[in-house]
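Undergrad: One structure follows; several queries about it will come next.
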Amino acid sequence: MHVKLDVLEAQGYAVLRDYAGPPVPDSEWSGLEYMEWKSGGDTNFAPIASALGEMECAGFWDHGKPDKDGMWTKNAEICPTLVRYVEDIGVRYGRVRIIKLNPNTYEDAVRNLHLDDNNRLNPEEEGWVVRAWLQLTDDPDSYMILREEKDDPSTETRIPMPRNRQMVIDSERLWHASWHPGPNPRYALITSLESGPALRRWIEREERPNGDEAGVQHGAMK
Ligand SMILES: [Fe+2]
């Protein structure tokens, strides 16, 4: 069985304290090369680490690898702050990418709910791969929609996405998609991370102050 983290067991996600490190210049996401890749809506992705360091968005399994040991692409040269951010997590990482999401509606987001394929080829004795999000644009009225059951709105959680929001999601367990009213595209950094002691340490280090729920809402409400 894969190693999983108890801190993610109850809910399948953790909202961390907001990122307070060196500011990420706009150029570190607006200046990257994006590729046509649809996942969870009208999206494009900028690969920063890929299976072999090539500019591609495909799963690592295409190259016989689990979603770990990502290699920096040429985009990494343009976003040193983000590269440092990922390395400072101190966890074995796989895919590192920026998602660009064009505006959508709540109904679109629900239609786009999906599970990620994070653990293909992941050896049983190694840690379960989950994903971390770092919100780059300031979209406090946009939400990460999570559901335990795809068609059951009562299992829904909404996490608002102001700039610097950090969250870890077991995105192979929870159905997810972003609801982003816009008007401008939303950008976020998404990193695949291996569960284990190092990830636990990072989550503990980045824990939100007690009682600060980050505006998270439970249950579907329009
Ligand atoms: Fe996803």
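Readers should treat all values here as calculations from the given coordinates under stated rules, not as data from a laboratory. Keep in mind it's a predicted model, so treat the numbers as computed, not measured. Methodologically, a virtual Cβ is constructed for each residue, glycine included, from the backbone with ideal geometry; neighbour enumeration extends over all protein chains shown.
Undergrad: Within 10 Å, at most 15 other Cβ atoms, and a DSSP state outside H, G, I, E, B define an exposed site. Report the longest part of the chain free of exposed GluC sites (Glu not before Pro). List each step's numbers first, then the result.
TA: Values: sites that count: Glu9, Glu33, Glu54, Glu124, Glu125, Glu148, Glu149, Glu207, Glu213.
The longest such stretch corresponds to 55-123.
Undergrad: If you stretched the chain out fully between Ser30 and His2, how much longer would it get, using 0.36 nm times the residue separation minus the C-alpha to C-alpha distance? List each step's numbers first, then the result.
TA: On the way: separation 28, 0.36 × 28 = 10.08 nm, distance 3.67 nm.
Extra length from Ser30 to His2 when fully extended: 6.4 nm.
Undergrad: What is the sum of charges around Trp61, taking Lys and Arg as +1, Asp and Glu as -1, for the other residues whose C-beta is under 14 Å from the C-beta of Trp61? Don't skip to the answer; put the middle values down first.
TA: Numbers: positive: Lys65, Lys68, Arg95, Arg120; negative: Glu56, Asp62, Asp67, Asp69, Asp116, Asp117, Glu172.
Here the count lands on -3.
Undergrad: Pairs of alpha-carbon atoms within less than 8 angstrom and 6+ residues apart define the contacts here; what relative contact order does segment 17-99 have, in percent?
TA: Working: 133 pairs, mean separation 28.0, N = 83.
With pairs under 8 Å counted, the relative contact order is 34 percent.
Undergrad: Can you show me the helix-derived [θ] at 222 nm for the chain, built from DSSP H runs with n ≥ 4 at -39,500 (n - 2.57) apiece and divided by the number of residues, rounded to the nearest 500. If you can, show how the numbers build up before the last one.
TA: Details: 4 runs with 29 residues, N = 222.
The per-residue figure over the chain is -3500 deg cm²/dmol.
Undergrad: Also: Subtract the Cα-Cα distance of Glu207 and Trp37 from 0.36 nm times their separation in residues, and report this length gain in nm to one decimal. Could you put the intermediate results ahead of the total?
TA: On the way: separation 170, 0.36 × 170 = 61.20 nm, distance 3.22 nm.
That works out to 58.0 nm of additional length.
Undergrad: If you don't mind, another one. What relative contact order, as a whole-number percentage, does the chain give when Cα pairs under 8 Å and 6 or more residues apart are counted?
TA: Values: 522 pairs, mean separation 61.4, N = 222.
Relative contact order, the chain: 28 percent.
Undergrad: If I model a spin label as a point 7 Å beyond the Cα along the Cα-Cβ vector, how far apart are those points for Asp141 and Glu87 in nm?
TA: Result: 3.9 nm between the two label points.
Undergrad: Near Asp170, within a Cβ-to-Cβ distance under 10 Å, what is the net charge of the other residues, with Lys and Arg +1 and Asp and Glu -1?
TA: Details: positive: Lys4, Arg131, Arg173; negative: Glu9, Asp116, Glu172.
Charge balance near Asp170 sits at 0.
Undergrad: Modelling each spin label as a point 7 Å along the Cα-to-Cβ direction, I'd like the Met71/Ala58 distance in nm, to one decimal.
TA: 1.5 nm
Undergrad: Let me ask another. Can you work out the PRE-style zone for Ala198? Point 7 Å along Cα to Cβ, and I want the residues of segment 76-114 with backbone N under 16 Å.
TA: Answer for segment 76-114: 83-96.
Undergrad: Give me the net charge of Ala188's neighbourhood, meaning all other residues with Cβ under 12 Å from the Cβ of Ala188; Lys, Arg count +1, Asp, Glu -1. Display every interim value, and only then the final one.
TA: On the way: positive: Arg97, Lys100, Arg131, Arg163, Arg165, Arg186; negative: Asp138, Asp139.
In short, +4.
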